[in-house]
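Peer 1: Submitted below is the structure of interest, expressed as C-alpha cells.
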Amino acid sequence: MAAAYDREDGLAPAPPPHAADAYDPNYVPDSVKTFVVHLYRHIRDKNVYEIHQMYEGGFQRLSDRLFRDAPWPSAEAVAPYCDGDHVFLLLYRELWYRHAHARLSPLTAAHRAESWTNYCDLFSVVLHGVVNMQLPNQWLWDMVDEFVYQFQSFCQYRAKLKNKTEDELQQLKQFDKAWNVYGVLNYLQALVEKSMITQILEREKEGLEQFTATDGYDYEGGSNVLKVLGYYSMIGLLRIHCLLGDYHTGLKCLAPIDLNQQGVYTIVIGSHISTIYHYGFANLMMRRYVDATREFNKILLYILKYKQYHQKSPQYDQILKKNEQMYALLAICLSLCPQNKLIDENVSTQLKEKYNDKMTKMQRYDDEAYAAYDELFSYACPKFITPSPPVLDQPLTNYNQDAYRLQLKLFLYEVKQQQLLSGIRSYLKLYSTITIGKLAQYMEVDEATLRSILMTYKHKMHAVDSDGKIASSADFDFYIVEDVIHVVESKSTKSHGDYFLRQILKFEEMIGELEKVQFD
C-alpha cells in the first residue's frame, strides 16, 4: 500500500478533490501558527488542562472560523512551528484527517488510506516507542472512537460499488490493505495487552492501584497515553464486534471494566454513552433483557439529568441521537420482556411519551407489531458492516446493507418465535394456579401444544449471563405439579429511599427559589 506521506520526503497528503483549486496546503494563517506553537509547548510541558482547552475549544473555533469547508494546513507546513517533532505531527495529522472526515466530502479511498497509515504510525509509536506526554482523556477517547468510525466508514464506502468511477475502483485496488479488519482488531488488542490495563484494573479491585481514582492520569511524571488508550480500546473492540454481529466476543472484550462502578469510561460523556449503548445492544441481541434494560435505564436517567451541561459540547448532537436510539432499544427490551420494576419513574415517563403507541402494537404480535419492531430496530441499531473487501471483477453491486439485513432478519426471527408466548404472560398473571387443560382451552390449543409453548416460554425467558450461569429474565416464574401450573410472581420491592431523596431534592429546590425571592 502506498504510504500517506513519506517521512523523508515530507510529502503532504493530497487535498480533497473539490477543494483542490482553492486550498493551499502550505499556507498557514497566523492564528494557526499561534495554535500550533502553544499546543506543542503545552504537550511538552504535560499541561493537561491547557491541552484540553485548546483541543476542545481552540481547535473547534478555528475549524468553524477558517476551515468550515476546507482542510487545515498540511502537517509539513506547520512543522517549523513545532520543531518538526515527529510525534506531535502524527497527532496533528490525526486531527487533520478527523476534520476532513467530519467536514469534507467526498473523501477518496486515497485520503482514507492516508488516515489509516497515520493511525498505524501513531499507534506504533505508542506501542513500541517512548511516549513522554500526558493527553486529556477526551482526546484519547476521540482517537479510539474516530479510529473505529473511520474503519466503519471505509467498509461502508467500499461496499457501495454500483456508481463508482473507474478511477475510484482503481484506488480501491491500490489501497486494498487499508483498514483491514484484522489490522484494526490487532492494533486495539495490542494496545489492551501492552498497556496491561486488564491487570491494572484487577489490582485496583485489590486496592493496589489508583487508576480510576486519578482518572487514568499519572501524577508522578509519567505518561497516561498507553494506559488510557488501552482502556478505551476495550470499548472500541466492543463496538467493532457489535458492528460485525459478534456480540459474545464484544462483551468478553469489555469484561474487565466493571459497569457497576464509576470508571474512566464515565469521565468522558461520549465514552460513557458509547459503552452502554453497545453493551445494551449486545445484551439485547443475546436475550439478556434484564442486563440491557438495567443499563439503558441508568444511562438514560444520567442523560436526562446532565445533558444541559453538554449543550456547548461538539458531541451534543451525537448525545441526543444516541439518547433517542437507546429509548427505542429500551422500548424493544420491555416489549419482549417486561421489567417495569427496573425502570425509573422519569425514564418511564419519557418512554411513554415517545413510544407508548408502538409498545402497545408490539404486544400484539401481528403484522403491525412486526412493522413496529422493524422500524425501531432499524432506527436504533449500529451501522453493521461487511469487513471483507469486494470482488471488483464481478458485476458491480452495492452490498453495504447486507450485514444490516442479516441482523434484522435474525432479530425478527427471534420476535416471531415469541409470537406463541403472547397469550401465556397475560393468562398466567391472572392465576396463582391453573390446570393445563383449562389454560389449553383458553388459548384454543391442545395440551401437547400448550406444553411446548410453556417450555418455549421457559427457554426464551432465560439466558446465559456473563458468568456462564443461566438466569431468568421473566417478571414471574411457574412450575407444573400433576398437570397443575403454579405461578410464582416476583414482588417488586418499593424503593422508599428513592422516594424520600426525590422529595428532599424538591424541597431544597423550593428553599433555593425562596431565598432568591428574599434577596431580590
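The values are calculated or read from the model by the stated rules, or taken from the named source; none is laboratory data. Predicted, not measured: the structure shown is a model, and the values here were computed from it. Using ideal geometry, Cβ is built from the backbone for each residue, glycine included, and neighbour counts are taken over all protein chains shown. What goes into the accessible areas is simple: the full protein's heavy atoms, side chains included, and nothing from ligands, DNA or RNA. Shrake-Rupley method; radii C 1.70, N 1.55, O 1.52, S 1.80 Å.
Peer 1: Quick one: Q315 ticks every box in (1) within 26 Å of E414 (Cα to Cα); (2) free of Cβ contacts under 8 Å to residues at least 60 places away in the same chain; (3) among the polar types (S, T, N, Q) except a single one, so which number is it?
Peer 2: Among (1) within 26 Å of E414 (Cα to Cα); (2) free of Cβ contacts under 8 Å to residues at least 60 places away in the same chain; (3) among the polar types (S, T, N, Q), the lone unmet condition for Q315 is (1).
Peer 1: Which number in (1) without any contact (Cβ under 8 Å) to a residue 24 or more places away in the chain; (2) in a loop (DSSP other than H, G, I, E, B); (3) in contact with a Ser or Thr (Cβ under 8 Å, 6 or more places away or on another chain) marks the one condition that E204 misses?
Peer 2: Among (1) without any contact (Cβ under 8 Å) to a residue 24 or more places away in the chain; (2) in a loop (DSSP other than H, G, I, E, B); (3) in contact with a Ser or Thr (Cβ under 8 Å, 6 or more places away or on another chain), E204 violates only (2).
Peer 1: Working only within the range 240-261, note down all residues that are touching a Ser or Thr at 6+ places or on another chain (Cβ under 7 Å) and surrounded by fewer than 20 Cβ atoms within 10 Å (Cβ to Cβ).
Peer 2: Passing the criteria: A255, P256.
Peer 1: Now for a separate question. If you scan the range 26-77, which residues turn out to be outside any helix (DSSP H, G or I), free of Cβ contacts under 8 Å to residues at least 24 places away in the same chain and surrounded by 13 or more Cβ atoms within 10 Å (Cβ to Cβ)?
Peer 2: Residue satisfying the conditions is N47 alone.
Peer 1: In this structure, is K252 under 30 Å from F411 (Cα atoms), assigned by the TED database to the domain that holds D142 and of a type in the set (D, E, K, R)?
Peer 2: yes
Peer 1: Another question, then. Give the residues of the range 223-248 that are without any contact (Cβ under 8 Å) to a residue 60 or more places away in the chain and over 15 Å from the mean Cα position of the chain (by Cα), sorted by residue number.
Peer 2: Passing the criteria: K227, G230, H248.
Peer 1: From the list A372, A331, pick out the single residue that is free of Cβ contacts under 8 Å to residues at least 40 places away in the same chain, in the same structural domain as L169 (by the TED database) and crowded, with 19+ Cβ neighbours inside 10 Å.
Peer 2: A372
Peer 1: Moving to a separate point now. If you scan the range 184-210, which residues turn out to be more than 21 Å from the chain's Cα centre (by Cα), small (G, A, S) and buried (at least 17 other Cβ atoms within 10 Å of the Cβ)?
Peer 2: S195
Peer 1: Looking at the structure I just gave you, is F377 surrounded by 13 or more Cβ atoms within 10 Å (Cβ to Cβ), of a type in the set (A, V, I, L, M, F, W, C), touching a residue at least 40 places away in the same chain (Cβ under 8 Å) and within 19 Å of K460 (Cβ to Cβ)?
Peer 2: Yes: the conditions hold for F377.
Peer 1: Still on this structure, I have one more. So if I check each of Q418, Q407, which one is out of contact with any Asp or Glu (no Cβ under 6 Å at 6 or more places or on another chain), at pLDDT 95 or above and either in a loop (DSSP other than H, G, I, E, B) or surrounded by 15 or more Cβ atoms within 10 Å (Cβ to Cβ) (or both)?
Peer 2: Just one listed residue meets the conditions, Q407.
Peer 1: Moving to a separate point now. Considering the range 94-109 alone, what residues qualify as being part of a helix (DSSP H, G or I) and either touching an Asp or Glu at 6+ places or on another chain (Cβ under 6 Å) or open to solvent by less than 20 Å² (accessible area, probe 1.4 Å) (or both)?
Peer 2: E94, L95, W96, Y97, R98, H99, A100, A109
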